[in-house]
């Protein structure tokens, strides 16, 4: 039996290369969006980009995208660069392009720009064409997202704003941001995920003590000893950066060992038969499936580097050690009574889905243990049928793949088709109302 062991140099794709840009690319031309629209999309990450692109193919062009950064996928790539990440875990077939239309897909885009790619990146494309797992450079994915945003006129429909409220009624949805409000026939929430906070018991809750930060914050320079807490891919990137800086890295892993695999999500859930496992299943069974089949793991490519660093003493791994307390200075206190003194500690404790609570009324979200109640066919909120969820919030309807880029595409296909059909049905009513108002 032949086992394919990915090589670590796949992790070193160039970043910041020049890519051809469509001339149509331009930012929104007004400081504020129009007060009314057919659809408001909250969030311009990969999920929001997918929804806006799909609606364009359905002929829905009266769209406003509201995003805290104001750039399609801007925050996504800012986080990627903060970690020093050069490649994505998702393969070429997972991308925010539109299903069911003759659109340029990610693999097509990479092949069109063959001359820009390195020999290693070209080999990955050949692997993808042959149906094997492949690694996508961040540079390729970012250039592709820019292409989608320009070719589907998403960039010019995106406005910067921090959304404060989403207020659904029976016939409209009002999205209130810090500087403006937009009322639309439908809203699609593409809120993504936020970092998981440390338990209050570690330091009494609130802001982390001196010398402690989260993974989505810059790690201060200097210091010889760095601690990384967490078992996933983010932790692996932080460790890799710390080792490259010449630091002694202490890795605290609550479980007995690291898990290396192609994806956090079992691959079966990316196929229709896998997603069908959630159909007609009780809520408790779905929770069990989510816990069993979506667990933190690390790409295979990291394994040789991390094992070599541990053998050389540059990396110290504290396996099966839960943290009981964190004290400034900084020291990590472990459940076996030992202490790990370091100059700085970075917490990579995972993420939690943003489901709309805090933005919408409770009776619209119908929160059940951190998950909203959605129509399983359309991903509309049961308590607010004109509001839809795409991304991590759709996890209990779509399965673990909802939190992956390919899951965004599956959810987008359903949501965009539903919104377009609803708008077509609404058109005669809206036209009659306008004619009546003129009379």
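The values are calculated or read from the model by the stated rules, or taken from the named source; none is laboratory data. Being a predicted model, the structure only gives us computed values, none of them experimental. No Cβ is skipped: glycine too gets one built from the backbone with ideal geometry, and neighbour counts run over all protein chains shown.
For the stretch 334-373, enumerate the residues that are surrounded by 16 or more Cβ atoms within 10 Å (Cβ to Cβ) and part of a strand (DSSP E or B).
Listed by number, the residues that qualify are 334, 340, 344, 345, 346, 347, 351, 353, 360.
Of the residues that make up the stretch 57-66, is at least one in the same structural domain as residue 88 (by TED's automatic domain parsing) and farther than 19 Å from residue 417 by Cα?
Yes; the residues of the stretch 57-66 include at least one that is in the same structural domain as residue 88 (by TED's automatic domain parsing) and farther than 19 Å from residue 417 by Cα.
Does the stretch 306-321 include one or more residues that are in the same structural domain as residue 252 (by TED's automatic domain parsing), in a loop (DSSP other than H, G, I, E, B) and on the phi < 0 side of the Ramachandran plot? It would help to see each step written out before you state the result.
Restricting attention to the stretch 306-321, the residues satisfying the condition of being in the same structural domain as residue 252 (by TED's automatic domain parsing) are 306-321.
Filter again for in a loop (DSSP other than H, G, I, E, B), leaving 313-314, 320-321.
When the remaining residues are screened for being on the phi < 0 side of the Ramachandran plot, the result is 314, 321.
Yes - at least one qualifying residue is present in the stretch 306-321.
Is it true that residue 386 is at pLDDT 95 or above and in the same structural domain as residue 251 (by TED's automatic domain parsing)?
no
Collect the residues in the stretch 327-356 that are under 29 Å from the mean Cα position of the chain (by Cα) and either more than 18 Å from residue 380 (Cα to Cα) or free of Cβ contacts under 8 Å to residues at least 12 places away in the same chain (or both), keeping them in residue-number order.
344, 345, 346, 347, 348, 349, 350, 351, 352
Among the numbered conditions (1) farther than 26 Å from residue 236 by Cβ; (2) outside the structural domain of residue 206 (by TED's automatic domain parsing); (3) touching a residue at least 12 places away in the same chain (Cβ under 8 Å), tell me where residue 284 comes up short.
Going through the list (1) farther than 26 Å from residue 236 by Cβ; (2) outside the structural domain of residue 206 (by TED's automatic domain parsing); (3) touching a residue at least 12 places away in the same chain (Cβ under 8 Å), residue 284 breaks only (3).
In this structure, does residue 98 turn out to be under 26 Å from residue 30 (Cα atoms), in contact (Cβ under 8 Å) with a residue 12 or more places away in the chain and surrounded by 21 or more Cβ atoms within 10 Å (Cβ to Cβ)?
The answer is no for residue 98.
Where in the stretch 175-236 are the strands (runs of 3 or more DSSP E), entirely inside, with at least 3 residues that are in contact (Cβ under 8 Å) with a residue 24 or more places away in the chain, over 23 Å from the mean Cα position of the chain (by Cα) and surrounded by 17 or more Cβ atoms within 10 Å (Cβ to Cβ)?
Those strands (runs of 3 or more DSSP E) span 181-189, 225-229.
Whether any residue in the stretch 161-172 is touching a strand residue (DSSP E or B) at 6+ places or on another chain (Cβ under 7 Å), modelled with pLDDT under 95, assigned to a loop (DSSP other than H, G, I, E, B) and in the same structural domain as residue 361 (by TED's automatic domain parsing) is what I want to check.
No, because not a single residue in the stretch 161-172 is touching a strand residue (DSSP E or B) at 6+ places or on another chain (Cβ under 7 Å), modelled with pLDDT under 95, assigned to a loop (DSSP other than H, G, I, E, B) and in the same structural domain as residue 361 (by TED's automatic domain parsing).
Name the residues in the stretch 157-174 that are crowded, with 17+ Cβ neighbours inside 10 Å and farther than 21 Å from residue 372 by Cα, would you?
Of the residues in the stretch 157-174, the ones crowded, with 17+ Cβ neighbours inside 10 Å are 157-161, 163, 166-168, 173-174.
Passing the criteria: 157, 158, 159, 160, 161.
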